[in-house]
Amino acid sequence: MSLINTLIPSFNRAPARRHSRSGAVDIGPAVKPAYEIRETDEAFGVTVHLPGVAKEGLELTAEEGVFRVVGRRSWKRPEAWTILYRETSDVPYELVLQHENVIDVDKIHAELADGILRISLPKSEAIKPRKITVS
Amino acid sequence: MRLVRYTQPALSRSLSPLPGALPRSPWSGLETEIDRFFEAALGDLAGVHLAENRFPVDLYEDKDNIFVRAELPGVARADLNVEMVEDYLTLAGSRKTPAGEGAKEESFAFSRSVSIPESVQSEKVSAVFENGVLLVTLPKREEAKPKKITIAVK
C-alpha cells in the first residue's frame, strides 16, 4: 500500500468531505424521513416519521436559516439474529429544512411519541400578518 | 418496478380520425401503454404518498425464535392488531392523526401478512411496540429447532 502511495501521492489524501452548506457535522449516509409541513398564521408545524428513534438519539439544531433533524436508531440487531428478509435500514435519518430566517428559534417546541416527531416552529413577530387600521 | 393493473383502452380517447367508426383503434392499445408508462414512471417520484399504506417489515431468526420487525410510526397500541393464522402473521391497524392547528383529523388503515418460514408455537407469540417499531417474537416449535445430539465415543 505504501508503494502505491509513493507512486501516486494523491491516494494519501483524506477523502473529500461532502459539501454541506452550513458547515454542519457530516453524519455519513442518511435517509430522508417522511415528513409533512403545515402552516398557520402563527407557526409552521412539521411532522416527521422517525420509527425506531428514541429521545436520546434525536438531535435538533436550529441555525441561521437552517433547521436540521438528525435521528439515530436506538435498536441494533443482536449478533445472534440472522437476517431472513429485510426492508428497513440502519442508517440515521436526516432532514434539513431551509427557511428565510422567519422562525423564532427560542420558541421552538418539539415532542416525540411512538416514532413521530412533531415540531412547532413559531414564526417570528416581524413576519406575522398584521392588521393596519386606516384612520 | 411497480405492477400497474392493465386497463382496457378507453375508446373515447383513441387517436383514430373517426371516433366510433373503428371500435378498436389500432392506436388505442399503444396510447394506453404510453399512459401506463408515464403513470409508472411519475408515480414513483411521488412514491412516499402512493405507498403510504405499505410499511417496511424485517424478518430475522435465531436459534429459538423468529422475529418480525415492522416500522409503524404513530400507531397507537390499541389500534394495532397482530394475528397468527396458520403460517401467516398478519399485522393490521390504523393510524389516527388528531385534528390539530390547520389540519383535519386523518386516519388510514393498513394490513400486511408475512409468511413465517418455519412452524412456530402460535400460542407463545409475543409482541412489543416501542418508538413506533413493532417487534413480534415467534418461538420455534421444538421439532423445528436444530437438534444437537452428542454421541459418546467409547
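Condition check ((1) part of a loop (DSSP other than H, G, I, E, B); (2) among the basic types (K, R)) across all residues:
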{"site": "B:V68", "(1), (2)": "no, no"}
{"site": "B:P73", "(1), (2)": "yes, no"}
{"site": "B:V82", "(1), (2)": "no, no"}
{"site": "B:L91", "(1), (2)": "no, no"}
{"site": "B:K96", "(1), (2)": "no, yes"}
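With the structure loaded, tell me whether A:I83 is part of a strand (DSSP E or B) and free of Cβ contacts under 8 Å to residues at least 12 places away in the same chain or whether it fails that test.
Values: part of a strand (DSSP E or B): yes; free of Cβ contacts under 8 Å to residues at least 12 places away in the same chain: yes.
Here the answer is yes, as A:I83 does meet what is asked.
What is the residue count in region A:35-53 for residues that are at the interface with another protein chain (Cβ under 7 Å from one of its Cβ atoms) and buried (at least 17 other Cβ atoms within 10 Å of the Cβ)? I'd like the intermediate steps shown before the answer.
Taking region A:35-53 as the starting set, the residues that turn out to be at the interface with another protein chain (Cβ under 7 Å from one of its Cβ atoms) are A:38-40, A:45, A:49-53.
Restricting the remaining residues to those that are buried (at least 17 other Cβ atoms within 10 Å of the Cβ) gives A:45, A:49-53.
Residues in region A:35-53 being at the interface with another protein chain (Cβ under 7 Å from one of its Cβ atoms) and buried (at least 17 other Cβ atoms within 10 Å of the Cβ): 6 in total.
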Restricted to region A:60-76 and to residues being among the charged types (D, E, K, R) and surrounded by 15 or more Cβ atoms within 10 Å (Cβ to Cβ), the residue farthest from the other protein chains (Cβ to nearest Cβ) is A:R68
Counting only residues in region A:95-135 that are among the polar types (S, T, N, Q) and not in a loop (DSSP other than H, G, I, E, B), the one nearest to B:R77 (Cα to Cα) is identified as A:S120
Over region B:131-154, the set of residues within 20 Å of the chain's Cα centre (by Cα) and at negative phi is B:V133, B:L134, B:L135, B:V136, B:T137, B:L138
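Read-outs throughout are calculated quantities, based only on the coordinates presented, and are distinct from any laboratory measurement. On a predicted model such as this, the values are computed, not experimentally measured, just so you know. So basically every Cβ, Gly included, is an ideal-geometry build from the backbone, and we count neighbours across all protein chains shown.
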